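The values are calculated or read from the model by the stated rules, or taken from the named source; none is laboratory data. Predicted model only: the values in this text are computed from it and were never measured. As a convention, Cβ positions derive from the backbone with ideal geometry for all residues, glycine included, and neighbour counts pool all protein chains shown. With ligands, DNA and RNA removed, areas are computed over all heavy atoms of the protein, side chains included. Shrake-Rupley method; radii C 1.70, N 1.55, O 1.52, S 1.80 Å.
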Amino acid sequence: MATPDHLFNLRNNFYLGAYQAAINSSDVSNLSEDDALERDTLVHRCYIALGQLQFVISEIHDDAPTPLQAVKLLALYFSSPDTKDSAISSLREWLADPAIGNNATLRLVAGLVFLHENDFNEALKHTNAGGTMELHALNVQIFIKMHRSDYAERQLRTMQQIDEDHTLTQLANAWLDLAVGGSKIQEAYLIFQIWSEKYQSTSLVLNGKAVCCMHMGNFDEAETLLVEALNKDARDPETLANLVVCCLHLGKPSNKSFSQLKLSHADHVLVKRVTSAEESFDRALQTFSS
């Protein structure tokens, strides 16, 4: 008889971006030591996703187990430009330590950090061996970023062999469908639609549906979904970025959303691209005026 999965709801809420719901469902009794550690790790990752970085940093002490220490490093990395380099330095040091370097959570954090740094090869160095569904799903993300949908598809097949119905398998499938495009967009939309009916509509799910709508040219529906997502989390960077793109296609003003994105997430790829284009334009103007 299969052992009941006491952390299913917590895990599932986390994967779907329902971070507060995940925290609210974390008070589970009679957990094994390993399950209790996984629970604490996931809860602190939820707080990171909610932007409560200092809380995580202060709550996790120096004698905490490796998975929690790894999560604390992730919080330090995102907390300030001043702590970013030292967090990466500590991460490299821990990964080189034979005693803890192969810890799945530490490797996952390494993948997340180096993916954020756009150092895909360094990220894959630590994630490519897999070992958990989260690591496989992160590999799919990395390969999509590298425009290697062929490798992403191999990872997805591995996940499907392990558990085809797993939330992360379905999510990775939707990511890959979006990357491939064409008729696959409708399949991705259906995955997000099923989730919105089965679970609560989180920003992640609403953004997924909205991006599918934009790919299919349904910008009015996309805008409705993004406004709903914005009502759930007014600071979510993906919602703001997608709203900027959607408004541009609809011929509506996007300045407010872009200003909010620039203010709260200055390192977002859309902000960087627009800033770079503005600088190039300014240089071109100077060339003509000189």
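When you restrict to C-alpha pairs under 8 Å that are six or more residues apart and normalise by the size of the chain, the relative contact order lands at 9 percent.
Working note: Karplus 6.51/-1.76/1.60 with θ = phi - 60° gives region 85-97 the couplings 5, 5, 5, 5, 4, 5, 4, 4, 5, 5, 5, 7, 7 Hz, where Gly and Pro are set to x.
The listed peptides 229-240, 105-116, ordered by packing as a protection proxy, come out as 105-116, 229-240 (highest mean of other Cβ atoms within 10 Å first). The value of relative contact order for region 1-68, using C-alpha pairs under 8 Å at least six residues apart, is 29 percent. As a length-normalised measure over Cα pairs under 8 Å and 6 or more apart, the relative contact order of region 1-129 settles at 15 percent.
Of Phe8, Phe14, the order by accessible heavy-atom surface (1.4 Å probe, DNA, RNA and ligands excluded), from most exposed downward, is Phe8, Phe14. Considering only Ala179, Ala75, Ala99, the mean-square fluctuation computed in a Gaussian network model of the chain, springs between alpha carbons under 10 angstrom, is largest for Ala99. Full extension of the chain between Asp34 and His116 yields a length gain of 26.7 nm, computed as 0.36 nm times the residue separation minus the alpha carbon distance. A value for semi-axes √(5λ) of the Cα gyration tensor in Å was derived from the coordinates, and within the list (i) 41, 27, 18; (ii) 32, 25, 20; (iii) 51, 22, 16 it appears as (ii).
Taking the Cβ of Val205 as the centre, find all other residues whose Cβ is under 13 Å away and add up their charges (Lys, Arg: +1; Asp, Glu: -1).
The answer is -2.
In straight-distance terms, cross-link reach from Lys256 covers every one of the lysines whose alpha-carbon lies under 30 Å from its own, apart from those fewer than eight places away in the same chain; here that gives Lys84, Lys145, Lys209, Lys232, Lys272.
Annotation: extensible slack from Arg92 through Asn255 equals 54.7 nm (criterion: 0.36 nm per residue apart, minus Cα-Cα distance).
Where only DSSP H runs of four or more residues are counted, the chain gives -23500 deg cm²/dmol as its mean residue ellipticity at 222 nm, each run worth -39500 (n - 2.57).
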